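These notes are about the structure you will find just below.
The values are calculated or read from the model by the stated rules, or taken from the named source; none is laboratory data. From a predicted model like this one, the values you see are computed outputs, not experimental measurements. Neighbour counts run over all protein chains shown; Cβ positions are idealised from the backbone, glycine included.
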Amino acid sequence: MKKSLIALAVLAASGAAMAQSSVTLFGVVDAAYAYGSGSVANKSQLKSSGYSSSRLGFRGVEDLGGGLSASFWLEAGLNNDNGSGDATSTNNQRASSVTSGVTSGGLTFNRRSTVSLNGGFGEVRLGRDYTPQFWNLTVFDPFGTVGVGTVGVGTTQTLNSSLGGPTAGRASNSIGYFLPGNLGGFYGQVQYYMGENLSNAANKKDGNGLALRAGYANGPINAAIAFSETKFLAGNIKAVNLGGSYDLGMAKIMAHYNQDKISGGNDGKGFLIGGLVPVGAGEVRLAYSTYKIDTVGADPRTNKLALGYVHNLSKRTALYATYARLSNKNGAAQALNGAVTGLNSNSNGYDFGISHSF
């Protein structure tokens, strides 16, 4: 069970009465022995986040009365194999940009750092958060896109190969709005995020973006579509994706499609189809995903087949094993778990690990 810490709000200088707030400490510690093979070099390692991303977080809410509440969420990504923190980008820009602000090593609340106002109107959320274009990739992936930013063993290839740029997963400096949860299964969000550059700079719009997502979830059905456009100095990126899942009871099937278009550059597109099958105290995960980049001539493509099993020792602790195989075509050369492979060669990867949440 999550540990809850009860705190009293600080007495305001005006002498207002004290109000009660709840604050929760939560997290995941996940470690795995990982092996990757390729035609050039293999690699063995102990890595973090093989099943669920390791993290440390704090979240809280205060009832303001009249149906209003305020809340916050601070969540830091951890590499528990070596104790470092995950990298973050302060201005939604590539590392080569002058003002990219990419940092790593220390504890950064890179996963989420938001403050919200909630009510019957929905939720207004400010800070660093998931982008709408990312939600369909992770919700409708049996492996939950674990390993964002790397070629993770189970992670869908529609994210690993994506041309979506720095905001394919998260955006900093965002202003978001979420529909209320009482709309008969319909849900949606809109998000605007900023690169925060000077108005007279050559890259004044670099890192600015607008995205939206709309969906319907009721009973066994869940389906959604998302659109986004992010402005980058090297070319604006437009993304569109849609996904869905259907729970049959004996199994849940899911699929999604993702397309990225860079103005004046390459286009990319791919899809995933997979499912989750409960087996006793565990669950079998299976997915096939592919992504192709449309270039002048080659059109490199990477296909991935991933198979995994999770065995729950309790509600908080699980053992897991994952196997994946990549096949590269038309000049692609991606590899798994840090291995190196040549053009048009294959790569295999294995994860064996334990995940504990609190």
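Within the range 163-190, the set of residues being out of contact with any helix residue (DSSP H, G or I) (no Cβ under 8 Å at 6 or more places or on another chain) and buried (at least 20 other Cβ atoms within 10 Å of the Cβ) comprises L163, G165, P166, A171, S172, S174, G176. Figure legend. Inter-residue proximity from the range 188-204: first residues farther than 26 Å from A226 by Cβ and in contact (Cβ under 8 Å) with a residue 24 or more places away in the chain, second residues surrounded by 18 or more Cβ atoms within 10 Å (Cβ to Cβ) and not basic (K, R), beta-carbon distance below 8 Å, spacing 6+ or different chains. Indicated pairs: A202/L233. State yes or no: is K205 out of contact with any helix residue (DSSP H, G or I) (no Cβ under 9 Å at 6 or more places or on another chain), in a loop (DSSP other than H, G, I, E, B) and among the basic types (K, R)? Here the answer is yes, as K205 does meet what is asked. Checked against the criterion of being at pLDDT below 95, under 30 Å from R94 (Cα atoms) and either surrounded by fewer than 18 Cβ atoms within 10 Å (Cβ to Cβ) or in contact with an Asp or Glu (Cβ under 8 Å, 6 or more places away or on another chain) (or both), the candidates N236, N200 yield just one match: N200. Exactly one residue out of S314, S345, S245, S327 is without any contact (Cβ under 8 Å) to a residue 24 or more places away in the chain, out of contact with any helix residue (DSSP H, G or I) (no Cβ under 6 Å at 6 or more places or on another chain) and under 30 Å from A31 (Cα atoms): that is S314.
I need the strands (runs of 3 or more DSSP E) fully contained in the range 254-356, keeping only those with at least 2 residues that are of a type in the set (K, R), modelled with pLDDT of 95 or more and touching a strand residue (DSSP E or B) at 6+ places or on another chain (Cβ under 6 Å). Break it down into steps so the answer makes sense when it comes.
Working: elements: 267-279, 282-294, 301-312, 317-329.
Qualifying strands (runs of 3 or more DSSP E): 282-294, 301-312, 317-329.
Return the only residue of A287, A281, A251 being without any contact (Cβ under 8 Å) to a residue 40 or more places away in the chain, of a type in the set (G, A, S) and touching a Gly at 6+ places or on another chain (Cβ under 6 Å). So the residue among A287, A281, A251 that is without any contact (Cβ under 8 Å) to a residue 40 or more places away in the chain, of a type in the set (G, A, S) and touching a Gly at 6+ places or on another chain (Cβ under 6 Å) is A251. Checking the range 175-191 against the condition returns no match, with no residue being under 27 Å from A335 (Cα atoms), out of contact with any Leu (no Cβ under 8 Å at 6 or more places or on another chain) and not in a loop (DSSP other than H, G, I, E, B). So how many residues does the range 5-50 have that are outside any strand (DSSP E or B), at pLDDT 95 or above and among the hydroxyl-bearing types (S, T, Y)? Residues flagged as outside any strand (DSSP E or B), at pLDDT 95 or above and among the hydroxyl-bearing types (S, T, Y) within the range 5-50 amount to 1. Taken over the range 332-351, the criterion of being surrounded by fewer than 19 Cβ atoms within 10 Å (Cβ to Cβ) and not β-branched (V, I, T) is satisfied by A333, G338, G342, L343, N344, S345, N346. One residue stands out in the range 276-306 among those that are closer than 23 Å to L336 by Cα and among the aliphatic types (A, V, I, L, M): the one that is surrounded by the most Cβ atoms within 10 Å (Cβ to Cβ), namely A306. Going residue by residue through the range 174-184, is there one that turns out to be in contact with a strand residue (DSSP E or B) (Cβ under 6 Å, 6 or more places away or on another chain), polar (S, T, N, Q) and more than 16 Å from L137 (Cα to Cα)? Within the range 174-184, one or more residues are in contact with a strand residue (DSSP E or B) (Cβ under 6 Å, 6 or more places away or on another chain), polar (S, T, N, Q) and more than 16 Å from L137 (Cα to Cα).
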